[in-house]
Amino acid sequence: KLRMAPGWKKSDISWRGSMWSIPPRLRIWMPKLKPEELEKAGLPPTMNAVKAKWINTKEKAGREAKKAGLRQDEIVVAVDGRPLPQTSQQFNLYVKLNFKPGDQLPLTVWRNGKRVKLEIPLFE
């Protein structure tokens, strides 16, 4: 047996290229919004948010995200009821460290000037 310190797996590996092969895979490209994009959407320019720029509907995870209500070019403002991490890579890392295939990912999107909650099913 190997004893590990509490929280040992909560390190930032978002910079690693191999991170993208770790499940669950969202199959959504979500770049971080710039301050001017946030202001244009009616959000504070200092907020962390990403845009669902491309949903890969050739993969089941992408199709199911779309089916769950996520729209292309939609702004994601929260995950699991919390503000988003600093970068889109850290957002993906948060998902990989805290959820597993079969879970529902609670996302909050900014739609028509209002927050809308979605539950996105996660897959391998």
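At a glance:
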read-out: In region 22-48, the residues that are in a loop (DSSP other than H, G, I, E, B) and within 14 Å of R111 (Cα to Cα); value: A41, G42, L43
read-out: Neighbours by Cβ (under 9 Å, 6+ apart or cross-chain): first from region 91-106, of a type in the set (K, R); second surrounded by 17 or more Cβ atoms within 10 Å (Cβ to Cβ); value: K96/P24; K96/R25; K100/P24; K100/L122
read-out: Residue check for P106: at pLDDT 95 or above, more than 14 Å from the chain's Cα centre (by Cα) and either part of a strand (DSSP E or B) or exposed (fewer than 13 other Cβ atoms within 10 Å of the Cβ) (or both); value: no
read-out: Only one of K96, K66, K51 that is assigned to a helix (DSSP H, G or I) and within 13 Å of the chain's Cα centre (by Cα); value: K96
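The values are calculated or read from the model by the stated rules, or taken from the named source; none is laboratory data. These numbers come from a predicted model, not from an experiment. Ideal geometry is used to build each Cβ from the backbone, glycine not excepted, and the neighbour counts take in all protein chains shown.
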